[in-house]
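The structure appears below as structure tokens.
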Amino acid sequence: MLNKVADQFCKLTQYLIKLFHWSAIFFYFVVFKFNSKTIGIHPIKPNFDIQSNSQTMQKLGCILFFLALPWISIAQPFVANYDEAKVPVFTLPDLLVFNDGTPVANKKDWDKRRSEIYSIFEKEVFGVIPEWKGHVKSTLVSEKADALDGIAKRKEVRIDFMNGERKVSVMVLIYLPLNSKNAPVFLSYNFNGNHTTTLEPGVLLPDSWVSNNKEITDNHANEKGRGSAASRWPIKEIVSRGFGVATVYYGDVDPDFDDGFKNGIQQLFDAKRDSTSWGSIAAWSWGLSRIMDYLETDKDINAKRVIMMGHSRLGKTALWAGASDLRFAMTVSNNSGCGGAAISRRKFGETVGRINTAFPHWFCDNYKKYNLKEEIMPVDQHELLALIAPRPVYVASAAEDLWSDPRGEFLSCVFASPVYELLGMKGLPSNVMPELNTPLIGTIAYHIRPGKHDVMLYDWQRYMDFAADYFKLKK
Ligand code: GCU
């Protein structure tokens, strides 16, 4: 949907530029010639001694034409490359070599190298999170002991973030298997409101801004959306297998549009902005850490077993949250693509330039330096996965989701593996892209399934298998 909007926008811009271009030509040739003839001056040899109408028109035409030129060159519609033969030959930054060229030899070295890489991602990609000076309060809003036909406990917890007079509230919806304080919990943002993840009538609608769609025209959630994303949230299956789910509407933390960082939690920080300031992905990721702060206080939850999971832009967010907050025991990236798990230097599907143009608020401004210049980036996305080591990370692709570059997502797992191995863990067990529905499972895991950009039951089942092994649950 957003792709379509961005493409329409691109077409409209192009149309306006063409209009501008032809007006310039019109001014230059028609108006100028017309004026030349009427006042009898030869157009090639204007009389520069006299400020005639024709000279003014000529200058105006030239100015308009030259003003239009840069736009004509930059606003060509983006055409994604889907041809493997056109992927450029690339050299990735070496994970196991310090910025000064010294090799990384052992675990201790890796801790230092990790800080170097983390700091580059902060300053050049996602942006630096400013210091939080406000305070936070959590309130249990509802509780139901027999949710999901009696198999789960459900609760809603509101977390209020306050700084002076300013306040932002975030609602966490939690489902836990009955009588299990030890259940691993998938923590995952949802796209349209907690009520869209379930058909259960009691779950509250968000108060915050939501994007419009067929059912919403005033940026406010309504009842029609209840359960509309339930296919992505097989909560009953998840709970039946002994896992909990905690989900939050990502727009509660930061509404997903380019507003100059004035709404969402960013309004609660006083920091001035510069080219390293945080974008929305960092804001959403900060929100996940604050939700983790709450989970650590919830007696029903074992916070050492929280699995960070996200789809698409929220998969990018999950990876950055997993890299930033070592409390997350495991990270799952579902179809995260550009800026997530996919190697940027491949320029396959969505590119850095395209993502920065369509979503200028997601990353820090420095990231825009790499528009069309991925090869000079000081990091690439395999390093984002490596930042999560030695904790387990699962990356998943969908065969029809070429926009997210499945092969690039797979290769990130391959190229992050040496760090896992250095830390005594198993990397991805193969460097050959697997067949569909044939997961590769090491401490880094990968699968590609048939179908589109989405989260399906198959994906969840693989994540649960992976987590069940890691946490030694009965299958
Ligand atoms: C767009 C965007 C992707 C993103 C996706 C999503 O397609 O280009 O980078 O992952 O939206 O979040 O749904």
Q: Arrange the peptides 212-222, 390-400, 315-325 so that the one whose residues have, on average, the most other Cβ atoms within 10 Å appears first.
A: 315-325, 390-400, 212-222
Q) Using the Karplus equation 6.51 cos²θ - 1.76 cosθ + 1.60 (θ = phi - 60°), what ³J(HN,Hα) coupling, rounded to whole Hz, does each residue of the range 96-108 give in order, writing x for Gly and Pro? A) 9, 9, 5, 4, 8, x, 6, x, 8, 9, 8, 4, 5
Q. Hey, what D do you get for the range 110-208 in µm²/s if you plug the Kirkwood alpha-carbon radius into Stokes-Einstein at 25 °C and 0.890 mPa s?
A. 147 µm²/s
Q. So what is the diffusion coefficient of the range 74-118 in µm² per second by Stokes-Einstein at 25 °C and 0.890 mPa s, using a Kirkwood Rh over Cα pairs?
A. 180 µm²/s
Q: Using amide H atoms built 1.01 Å from N in the peptide plane, name the residues 5+ places from PHE186, or on other chains, whose amide H lies under 5 Å from its own.
A: GLY244, VAL245, ALA246, ILE307
Q) Once phi is turned into θ = phi - 60°, what whole-Hz ³J(HN,Hα) does the Karplus curve with 6.51, -1.76 and 1.60 give for every residue of the range 220-235, x standing for Gly and Pro? A) 10, 5, 9, 4, 4, x, 4, x, 5, 10, 4, 5, 7, 10, x, 4
**Q.** Formal net charge of residues neighbouring ILE117 (Cβ-Cβ distance under 13 Å; K, R +1; D, E -1)
**A.** -4
Q: Collect residues whose amide H, placed 1.01 Å from N in the peptide plane, falls under 5 Å from the amide H of SER142; neighbours closer than 5 in sequence don't count.
A: GLU156
Q | Centroid-to-centroid separation of the range 162-182 and the range 442-475 [C-alpha atoms, Å] | A | 26 Å
Q: Mind sorting LYS272, LYS144 by how few other Cβ atoms lie within 10 Å of their own Cβ, fewest first?
A: LYS272, LYS144
Q. If we count other beta carbons within 10 Å of each Cβ, what is the order of TYR82, TYR367, TYR446, TYR294, fewest first?
A. TYR82, TYR294, TYR367, TYR446
Q: Tally the DSSP beta bridges in the range 120-471 and give the antiparallel ones as a percent, rounded to 5.
A: 55 percent
Q.
With only alpha-carbon pairs counted, each pair once and no self-pairs, how large is the Kirkwood hydrodynamic radius of the range 120-471 in angstroms?
A. 20.3 Å
Q: Mind sorting ILE307, ILE151 by how few other Cβ atoms lie within 10 Å of their own Cβ, fewest first?
A: ILE151, ILE307
Q: Report relative contact order for the range 120-471 in percent, whole number only (criteria: Cα-Cα under 8 Å, sequence separation at least 6).
A: 15 percent
Q. Around TYR394, which amide H atoms from residues at least 5 apart in sequence, or from another chain, sit under 5 Å from its own amide H, with H modelled in the peptide plane?
A. THR331, VAL332, SER333, ALA445
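Any read-out appearing in this document is the output of simple, stated calculations on the displayed coordinates, not a laboratory observation. Small disclaimer: the values here were computed from a predicted structure and weren't measured. Glycine also receives a Cβ, built like all others from the backbone with ideal geometry; neighbour counts cover every protein chain displayed.
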